[in-house]
Amino acid sequence: MAASRLPAAFLRNLSRPSPRSHIQAQLSLSSRCLALTRPYSSDEAPPPPLLVKLKGDLKTAMRAKDAPRLAVLRSVLATTLNASKTSSPIKTDVQLVNLLRKQARSQRETAEEFRSAKREDLAEKEEAQIKVLEEYANSSGIQTVAGEELRNIVEATMGDLAAEGVTGKSALGEAMKRLFAPGGPLEGKDVDKNEVSTTVRELAK
């Protein structure tokens, strides 16, 4: 098979660093992730409960040598740490669940690429991590809204806008704003914003 047809993730595997440098990199990443477990000062908002669980599970996974869980936790905590240094830090369980869902979607695509390249072993590794991501998202306590339930909520909001004379393209931005506004029907819910946007566009036609 030509190299150009192999998935990018597979090609990256071919150029991995030496075992020694790989181990050093993993230790460095673990140290940065464990740094997130430091106590918060009284001036800081308390960390979201799910983040506290992820931090605790990292230590447990390291002791158990649970490779799929370790890979997931290191990645998620590293992303959370990086986000804390930006203007958009992850401060809520809803944001964390969105991150978990997004990462699961990305790794599902990668698994499909590996399977297309006849690398079932690498596809299975991705799928093992996807199971961990979904486990945390599903046990987060955050209500998931999708499918018919989501469509009904969007329809109700679009109906309110129509009653106010807001229709067509003018309703697109206003609908998204109302759906996710404080007190809105999707505030604090686990939803795929792409699905919400698609549904809003369909109903605005």
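Filter segment 83-102 down to residues that are crowded, with 22+ Cβ neighbours inside 10 Å and assigned to a loop (DSSP other than H, G, I, E, B), then give me how many there are.
1
Quick one: Cys33 ticks every box in (1) surrounded by 15 or more Cβ atoms within 10 Å (Cβ to Cβ); (2) under 26 Å from Thr144 (Cα atoms); (3) modelled with pLDDT under 95 bar one, so which box is it?
Only one criterion is unmet by Cys33, namely (2).
Looking for whichever is more than 25 Å from Leu50 (Cα to Cα) and out of contact with any Phe, Trp or Tyr (no Cβ under 8 Å at 6 or more places or on another chain) here; the options are Lys177, Lys125. Which one fits? Talk me through it step by step, then tell me what you get.
Values: Lys125 fails: more than 25 Å from Leu50 (Cα to Cα).
It is Lys177.
Would you call Glu148 acidic (Asp, Glu) and surrounded by 16 or more Cβ atoms within 10 Å (Cβ to Cβ)? Before you say what the answer is, go through the steps one by one.
Numbers: acidic (Asp, Glu): yes; surrounded by 16 or more Cβ atoms within 10 Å (Cβ to Cβ): no.
No; evaluated as a whole, the condition is false for this residue.
Which pairs do you get when a residue that is on the phi < 0 side of the Ramachandran plot, found in segment 77-91, comes within reach of a residue that is surrounded by 14 or more Cβ atoms within 10 Å (Cβ to Cβ) and among the polar types (S, T, N, Q), reach meaning Cβ atoms under 7 angstrom, with the pair 6+ apart or on two chains?
Going by the 7 Å Cβ cut-off, the qualifying pairs are Ile90/Thr80.
Counting only residues that are among the charged types (D, E, K, R) and within 28 Å of Ala104 (Cβ to Cβ), which one in segment 151-177 is surrounded by the most Cβ atoms within 10 Å (Cβ to Cβ)?
Going through the qualifying residues, I end up with Arg151.
Yes/no matrix, rows are residues, columns are (1) part of a helix (DSSP H, G or I); (2) aliphatic (A, V, I, L, M); (3) at pLDDT below 55; (4) not assigned by TED's automatic domain parsing to the domain that holds Glu120:
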residue	(1), (2), (3), (4)
Ala9	yes, yes, no, yes
Arg12	yes, no, yes, yes
Pro17	no, no, yes, yes
Leu51	yes, yes, no, no
Gly56	yes, no, no, no
Thr60	yes, no, no, no
Arg74	yes, no, no, no
Ala78	yes, yes, no, no
Leu81	yes, yes, no, no
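Can you tell me how many residues in segment 111-150 are closer than 18 Å to Asp66 by Cα and polar (S, T, N, Q)? Break it down into steps so the answer makes sense when it comes.
Filtering segment 111-150 down to residues closer than 18 Å to Asp66 by Cα leaves 121-136.
Still in the list and also polar (S, T, N, Q): 129.
Adding up the residues that qualify gives 1.
The values are calculated or read from the model by the stated rules, or taken from the named source; none is laboratory data. These numbers were taken from a predicted model, which means no experiment stands behind them. Don't worry about glycine lacking a Cβ; one is built from the backbone with ideal geometry, like all the others, and counts go over all protein chains shown.
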